[in-house]
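Worksheet for the structure shown next.
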Amino acid sequence: MLAAATISPTRWSAIRLFAMDVDGVLTDGTVHISSDGTETKSFSILDGMGLVRLNKAGVIVAWISGRASGATTARATELKVPHLIQGRIDKLSALQELATTLGLTAAQCVYMGDDDIDAPAIAWAGIGAAPTGSMPAALAAADLVPTRPAGLGAVREICEHILAARVSRTSP
């Protein structure tokens, strides 16, 4: 596992897609289910702003979740996430299919996940990330573990690295 500073600017500047799991990455992994069956999740405004900035910079954002959730759909709609894939346990296949559809290679993708089912996608991506507290397989596959925890800015850290590389690429 590398520190963000040791991942070359060339690798960061190649990124065109930031794909991620939802529960345990964009959230702290907790799902609140009320007695009437309604579900709620907490999403970080910091992460949301990072994703909005990526979208404005032309970086594609995708969420690939193993479970379908109305709360996830609502947040993705609010943030205008163009690719929301739910109910897919095979994250690697979902990521590879999306990359192929978009005409992208692994080197142009970042994938961030926190569990065993994310580890193959983390390992396949040009830059793989796992939040602190992730399962051992995800951490072992990751190039990078952000300093902020899941649901509290971990995604934003990755967004900032991608955006910084895009700025430095266009600067004289």
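Key figures for this structure:
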{"item": "Residue within the stretch 58-68 that is more than 14 Å from the chain's Cα centre (by Cα), of a type in the set (S, T, Y) and on the phi < 0 side of the Ramachandran plot present", "result": "no"}
{"item": "Flag if I60 is surrounded by fewer than 21 Cβ atoms within 10 Å (Cβ to Cβ), under 21 Å from A164 (Cβ atoms), free of Cβ contacts under 8 Å to residues at least 60 places away in the same chain and not acidic (D, E)", "result": "yes"}
{"item": "Residues of the stretch 119-138 that turn out to be in a helix (DSSP H, G or I) and either of a type in the set (K, R) or within 24 Å of L54 (Cβ to Cβ) (or both), as a count", "result": "7"}
{"item": "Given (1) at pLDDT 95 or above; (2) surrounded by fewer than 18 Cβ atoms within 10 Å (Cβ to Cβ), index of the condition A121 fails", "result": "(2)"}
{"item": "All positions within the stretch 120-143 that are touching a Leu at 6+ places or on another chain (Cβ under 6 Å) and either of a type in the set (A, V, I, L, M) or at positive phi (or both)", "result": "A121, A129, A130"}
{"item": "Condition check for G103: more than 14 Å from the chain's Cα centre (by Cα) and on the phi > 0 side of the Ramachandran plot", "result": "yes"}
{"item": "Condition met for P149 (out of contact with any Cys (no Cβ under 6 Å at 6 or more places or on another chain), without any contact (Cβ under 8 Å) to a residue 12 or more places away in the chain and within 16 Å of G29 (Cα to Cα))", "result": "no"}
{"item": "Test for L26: is it surrounded by fewer than 19 Cβ atoms within 10 Å (Cβ to Cβ) and hydrophobic (A, V, I, L, M, F, W, C)", "result": "no"}
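The values are calculated or read from the model by the stated rules, or taken from the named source; none is laboratory data. What you see is a predicted model; the values in this text were computed from it and never measured. Note: ideal-geometry Cβ built from the backbone for every residue, glycine included; neighbour counts use all protein chains shown.
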